[in-house]
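The values are calculated or read from the model by the stated rules, or taken from the named source; none is laboratory data. Since the structure is predicted, the reported quantities are computational estimates derived from the model, not experimental observations. Heads up, the Cβs are rebuilt from the backbone with ideal geometry, glycines too, and the neighbour counts pull from every protein chain shown.
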Amino acid sequence: MNPYHQSLILIGMPGAGKSTIGLLLAKHLAKDFVDTDLLIQLEHRKTLQDILHEQGYLALREHEEKILLDINSSNHIIATGGSVVYSEPAMQHLKKLGPIIFLDVAIHELEQRINNLSTRGIASAPGQTFAEIYLERRPLYLRFADIIIDCNGKTQEQLVDEVICHEAEDFAAAQDA
């Protein structure tokens with residue numbers, strides 16, 4: 001696939017900035033934007049938190065996997081839910097659409113950003129703390145990531161520039177191959 005037509009897939013913890021950075025990237029790169037959490041909510045006509053309360057975290061992960069496997073979009077910025085990395089099939093499917101970009105944010109920064117943990121709709125086991133979720137998910141994000149963006153201490157503009165720079169480098173490398 002021509003790198004200019006490939007999608008960029010953003011993964012990371014809740015509060016990492018996937019939706020915010022994704023929208024900015026879409027504007028800068030003239031790509032469409034998709035937030036998979038919103039797709040789940042639209043399909044089920046409920047918030048993620050309502051799905052969690054009514055059906056449980058495993059059902060929310062199943063809904064997320066189904067939505068992701070149905071995405072076949074080129075030239076998009078795709079902001080995924082934080083639990084996407086629990087689905088091997090979904091991650092392999094997304095890798096076919098473009099590079100997986102992990103927005104890596106330190107736990108203390110994430111905890112400062114998230115003030116609505118109980119209503120945010122995080123697909124995690126009952127009673128699991130945010131720190132436990134972080135420790136469980138971070139190795140999965142690292143495993144699936146094609147590009148790791150260290151987000152600590154950087155502005156939104158710096159992060160957008162860094163992702164764009166990586167995309168340009170990947171395009172140049174593909175042209176040389």
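Of all the residues in segment 130-145, those that are modelled with pLDDT of 90 or more, touching a helix residue (DSSP H, G or I) at 6+ places or on another chain (Cβ under 8 Å) and surrounded by 15 or more Cβ atoms within 10 Å (Cβ to Cβ) number 5. Out of Leu60, Leu10, one residue alone is aliphatic (A, V, I, L, M) and either more than 10 Å from the chain's Cα centre (by Cα) or at positive phi (or both). It is Leu60. Of all residue pairs spaced 6 or more apart or on separate chains, those with beta-carbon atoms under 8 Å, a first member in segment 154-167 that is at pLDDT 90 or above and a second member that is of a type in the set (Gly, Ala, Ser) are Gln156/Gly17; Leu159/Gly17. Annotation note: of Leu60, Leu10, the sole residue that is under 23 Å from Gly127 (Cα atoms), of a type in the set (A, V, I, L, M) and out of contact with any Asp or Glu (no Cβ under 6 Å at 6 or more places or on another chain) is Leu60. For segment 148-159, filtering for residues that are buried (at least 18 other Cβ atoms within 10 Å of the Cβ) and among the β-branched types (Val, Ile, Thr) leaves 1.
The numbered conditions (1) surrounded by fewer than 19 Cβ atoms within 10 Å (Cβ to Cβ); (2) out of contact with any Gly (no Cβ under 9 Å at 6 or more places or on another chain); (3) hydroxyl-bearing (Ser, Thr, Tyr) are all true for Ser83 except (1).
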